[in-house]
Amino acid sequence: MITGPTSGIGQGFAQALAAQGHDLLLVSRDQARLDALAEEIRRDFSVRADVVTADLTDRSDIERIAGLIRSDEIDVLVNNAGFGVKGGFLDTSFQQEQQMLDVLVTAVMQLTHAAVPGMVERGRGYIFTVSSVAGWITGGTYSAAKAWATVFTESLAVELSGTGVQPIAVCPGFTRTEFHQRAGMQMDSVSEWMWLNVDDVVSQALRDARAGRVISIAGTQYKTLSSLLRVLPRPLVRRATGVRQASSRFPQSR
């Protein structure tokens, strides 16, 4: 099962897993793009590709997908569905922040909770959760959600040791997908050397899964950066990566 498979990293996982002979269950809120992807997968790889329309900002849809997982033999779960907002915490509505947490945290936790018992019983399984190097910086609710995803995966890896079930936190940096465009983010200032391709991220994740690694980071630049972010003093990370609100909006007290 792959959530958010109609573009970007999710689509990369769909194609890579289909090429390995996996039948797929594809979950997205975009029916037309789901159908087009499923048809392409069936044609190119001769595997089964079923689709389910769901909005993971809707708690009832999350439960419905969890029910599908519990009723089927899901051997690979890819928690990929993304959600981003433009602006800082005070520039966005509570509803936007909550929807981001529903997609990046609640759905990941609930779908994983539904998948793990069957995987453990069968003695095999992979759980890929697409996190981010943003989980090591101070980038608002998005970074906090990605930090949760990485630590959640690490915790699962300890708990599931010896069961045959392998959780992997996939932590990409800037990757050429539709994510930033959909969120209305202007990315022209990001240097070319900072960008990854989807194939780089997915192929690294699959290699790391086979090697039993818990955290997967693609690209030498991000391997280096993430290592630094994890050892630098947190005050320095906050100063380097945090976003300060303009003082004109919040005057200093006198």
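The values are calculated or read from the model by the stated rules, or taken from the named source; none is laboratory data. Predicted model, so just to flag it, every value in this text is computed and none were measured. FYI the Cβ positions are ideal-geometry reconstructions off the backbone, even for glycines, and counts take in every protein chain you see.
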Query raised in the report: When you go through (1) out of contact with any helix residue (DSSP H, G or I) (no Cβ under 8 Å at 6 or more places or on another chain); (2) at pLDDT below 95 one by one for PHE179, which number turns out not to apply?
Result: (1)
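Residue by residue, here is whether (1) within 21 Å of the chain's Cα centre (by Cα); (2) surrounded by fewer than 21 Cβ atoms within 10 Å (Cβ to Cβ) holds:
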| position | (1), (2) |
| --- | --- |
| ARG33 | yes, yes |
| ARG43 | no, yes |
| ARG48 | no, yes |
| THR53 | yes, yes |
| LEU56 | yes, no |
| ILE62 | yes, no |
| ALA66 | yes, yes |
Query raised in the report: Any idea which residue in region 68-92 is nearest to the chain's Cα centre (by Cα), counting only those that are within 25 Å of SER143 (Cα to Cα) and among the polar types (S, T, N, Q)?
Result: ASN80
Query raised in the report: Any chance region 143-160 includes a residue that's among the aromatic types (Phe, Trp, Tyr) and at pLDDT 95 or above?
Result: yes
Query raised in the report: Across region 112-139, which residue is surrounded by the most Cβ atoms within 10 Å (Cβ to Cβ) among those that are under 13 Å from the mean Cα position of the chain (by Cα) and in a strand (DSSP E or B)?
Result: VAL130
**Report entry** Subset tally (residues that are out of contact with any strand residue (DSSP E or B) (no Cβ under 7 Å at 6 or more places or on another chain) and either closer than 16 Å to SER132 by Cβ or touching a residue at least 12 places away in the same chain (Cβ under 8 Å) (or both)) for region 9-22
**Finding:** 6
Report task. Identify the residue in region 187-236 that is farther than 24 Å from GLY139 by Cα and among the polar types (S, T, N, Q) and, among all such residues, is surrounded by the fewest Cβ atoms within 10 Å (Cβ to Cβ). Result -> SER203
Query raised in the report: In region 85-98, is there at least one residue being touching a Lys or Arg at 6+ places or on another chain (Cβ under 6 Å), among the hydroxyl-bearing types (Ser, Thr, Tyr) and farther than 26 Å from VAL165 by Cβ?
Result: no
Requested in this report: Scan region 6-17 for residues that are under 24 Å from VAL116 (Cβ atoms) and either touching a Ser or Thr at 6+ places or on another chain (Cβ under 6 Å) or surrounded by fewer than 22 Cβ atoms within 10 Å (Cβ to Cβ) (or both) and report the count.
Outcome: 1
Query - Search result, residues across region 116-143 that are within 23 Å of ASP61 (Cβ to Cβ), free of Cβ contacts under 8 Å to residues at least 60 places away in the same chain and of a type in the set (A, V, I, L, M, F, W, C) - result: VAL116, MET119, ILE127
Query raised in the report: Based on what the data block shows, is PHE94 of a type in the set (Phe, Trp, Tyr), out of contact with any strand residue (DSSP E or B) (no Cβ under 9 Å at 6 or more places or on another chain) and surrounded by 15 or more Cβ atoms within 10 Å (Cβ to Cβ)?
Result: no
Report task. Could you tell me whether region 27-38 includes any residue that is closer than 20 Å to GLY125 by Cα and among the charged types (D, E, K, R)? Result -> no
Report summary line: ALA38 fails exactly one of (1) farther than 30 Å from SER227 by Cβ; (2) touching a helix residue (DSSP H, G or I) at 6+ places or on another chain (Cβ under 8 Å), namely (2)
Query raised in the report: of a type outside the set (S, T, N, Q) and outside any strand (DSSP E or B), is that true of TYR142?
Result: yes
